[in-house]
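Enquirer: If you scroll down you'll find the structure; I have some questions about it.
The values are calculated or read from the model by the stated rules, or taken from the named source; none is laboratory data. Just so it is clear, the structure is predicted and the values come from calculations on it, not from any experiment. Reconstructed Cβ throughout: ideal geometry from the backbone, glycine too, with neighbour counts over all protein chains shown.
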């Protein structure tokens, strides 16, 4: 018998649309509250958690019929830090069209938007992803003649295609390990079953960081619920380069291998929460894994431009429950010229921005925040060895940096060979007592000051200057402000020949600039600089300052307030030749962080700085000191300033009484030399 296929095709073409419309109408008229309750019950039986929705399920008719729920929450483990494991702004469940013809509701695809998911782990390794059916209603009953230790697997509708958009995933691995926050811009997860490999395509990244575009296999759905995802093998684009993560996370531990390369290594900064400098191109090979009760990250090799390093970091919790971090790094070569400051995070624009506003003045004291409130929360031990540092005006080698922090002590030490000299830095904080005690010792011998300040992260503008520095300060306080406000000690500086930049002299009097030779566009050369600060109660009193330049020799003094970062100096110049003698007028300088330096001439001050009788020549004294081979003439002349200018000490400026009272309730310190009342 001949089958009329053409007629059958016409009949199917007419019946299928009618059946589809009928199926959609049938589903749309169903009471979805019963399906929602049944779905919530199945989730409870499968996971032991409760799922609720702020807005009940609604049906959306279109080319892809779907059910939509808003404000969906899934409860967390009983020990969790918050009530919800996941909070979802909108959940869309797309229905399988084929199942509608059979009168069933089958979910073919789910879209999760605006999810906030928290994954956390206890100290003993339990994770809130471990979801077990509740004992009531999910396991066997006594009448079923089955072992009570067995649990029947509840029926749960499998969704093989899940899309996540505009969501946040927070992973908290417990004490001692910082929480990992990932912004998921868009992700797709596909798997034919809960135990089958989970295929992932995702665009995700840390907050305010360059996102990663990853694809590959990311364990199994069942493995993630049990806290042991399984095998991971993902790769993709990252910051203009490539990154690959391969390994496994199983019950015995984790073992991951990470390889990456790209044009700029600073893209890793937001992920490891450290100010990683900008530089490249880079190539990274690293391993991460668990060892017993510790987590270890090993950098097998890291090359950034001409720089090379290797190291490891171990995170663990000791017997007292204190997180402990141990870091060891060996830097074979560090190229400073190839590294730049980390990219600044864009700050919100001010309410009324001024496009013509000048940049704020540089801070007098470098920003080095210190606060002891975190001492005792963790124990940190870091050791970094640097074989060679290149990119500076002089060679820096055999450098070492150590950092030790515990409940009873904080110590930061650094030392290096700089050119033909050496430098060392030692900061120790003892938290004993109500305020604790901070001690700073820093020394430099025949070291390039420009290179030293560059290593510390700031620039004072000195070029080709080599000097000796001796800093000894001690102060009580649990942060930088209090420690500087109560600091006591001494600072001695002796600098040899160099060039001072032109910019800081822009607000000096015009006559003084011509005397120094700063009226042109270049910097001001100097032969030597020497001075000593006596620090008392957070105020550094400069009582003897000597500056020698090709045109003039200057002596003076003043103070620097370490807390307010304000300063005031008086300087008395003496010209080397007669044609500039009229420009050698004493001046007063005021300024500090956040405000411009102001300079004003004070001719009447010249009579107050000298005693009766002949006035000793400063230039002659410097010339005599220069006869000593290898000696700094300014350093030799500094102890004799009070004899050469007897009235200098009495006229040195001191901070205002209001600034000294700003030190709070601490005992008043010696205010330093008082200004003479003779004018």
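Enquirer: Could you list, in sequence order, all residues of segment 637-659 that are in contact with a helix residue (DSSP H, G or I) (Cβ under 8 Å, 6 or more places away or on another chain) and in contact (Cβ under 8 Å) with a residue 60 or more places away in the chain?
Expert: Correct list: 637, 642, 644, 648, 649, 651.
Enquirer: Residues that are more than 19 Å from residue 561 (Cα to Cα) and not assigned by TED's automatic domain parsing to the domain that holds residue 625: does segment 486-495 have at least one?
Expert: Yes; the residues of segment 486-495 include at least one that is more than 19 Å from residue 561 (Cα to Cα) and not assigned by TED's automatic domain parsing to the domain that holds residue 625.
Enquirer: A further question follows. Only one residue in 192, 207 is without any contact (Cβ under 8 Å) to a residue 60 or more places away in the chain, more than 20 Å from residue 241 (Cβ to Cβ) and part of a loop (DSSP other than H, G, I, E, B), so which one is that?
Expert: It is 192.
Enquirer: Also, I was wondering about something else. Give the residue that is modelled with the highest pLDDT, with candidates limited to residues of segment 644-669 that are surrounded by fewer than 17 Cβ atoms within 10 Å (Cβ to Cβ) and in a loop (DSSP other than H, G, I, E, B).
Expert: 646
Enquirer: Can you name the number of the only condition in (1) modelled with pLDDT of 75 or more; (2) not in a helix (DSSP H, G or I) that residue 40 fails?
Expert: Tallying (1) modelled with pLDDT of 75 or more; (2) not in a helix (DSSP H, G or I), residue 40 fails exactly one: (2).
Enquirer: Right, another one. So which residues in segment 377-397 are more than 19 Å from residue 446 (Cα to Cα) and part of a strand (DSSP E or B)?
Expert: Residues satisfying the conditions are 378, 379, 380, 381, 382, 383, 384, 385, 386, 387.
Enquirer: Which residues, counting only those in segment 281-298, are assigned to a strand (DSSP E or B) and more than 15 Å from residue 263 (Cα to Cα)?
Expert: 285, 286, 287, 288, 289, 290, 291, 294, 295, 296, 297, 298
Enquirer: List every residue pair whose Cβ atoms lie under 6 Å apart, where the two residues are 6 or more positions apart in sequence or sit on different chains, the first residue falls within segment 581-606 and is surrounded by 15 or more Cβ atoms within 10 Å (Cβ to Cβ), and the second residue, located anywhere, is part of a helix (DSSP H, G or I).
Expert: 583/511; 583/514; 583/515; 586/605; 586/606; 587/512
Enquirer: Then there's this: What is the residue count in segment 502-559 for residues that are crowded, with 19+ Cβ neighbours inside 10 Å, within 38 Å of the chain's Cα centre (by Cα) and in a loop (DSSP other than H, G, I, E, B)?
Expert: Count: 4.
Enquirer: How many residues are crowded, with 17+ Cβ neighbours inside 10 Å and not in a strand (DSSP E or B) if we restrict to segment 416-434?
Expert: 2
Enquirer: Of everything in segment 305-345 that's assigned to a loop (DSSP other than H, G, I, E, B) and free of Cβ contacts under 8 Å to residues at least 40 places away in the same chain, which residue is surrounded by the most Cβ atoms within 10 Å (Cβ to Cβ)?
Expert: 305
Enquirer: Would a scan of segment 220-231 turn up a residue that is closer than 27 Å to residue 327 by Cβ, crowded, with 18+ Cβ neighbours inside 10 Å and touching a strand residue (DSSP E or B) at 6+ places or on another chain (Cβ under 9 Å)?
Expert: No, that holds for no residue.
Enquirer: Turning to a different aspect of this structure: Tell me which residues, restricted to segment 239-280, are under 11 Å from residue 342 (Cβ atoms) and in a loop (DSSP other than H, G, I, E, B).
Expert: Passing the criteria: 264, 274, 275, 276, 277, 279.
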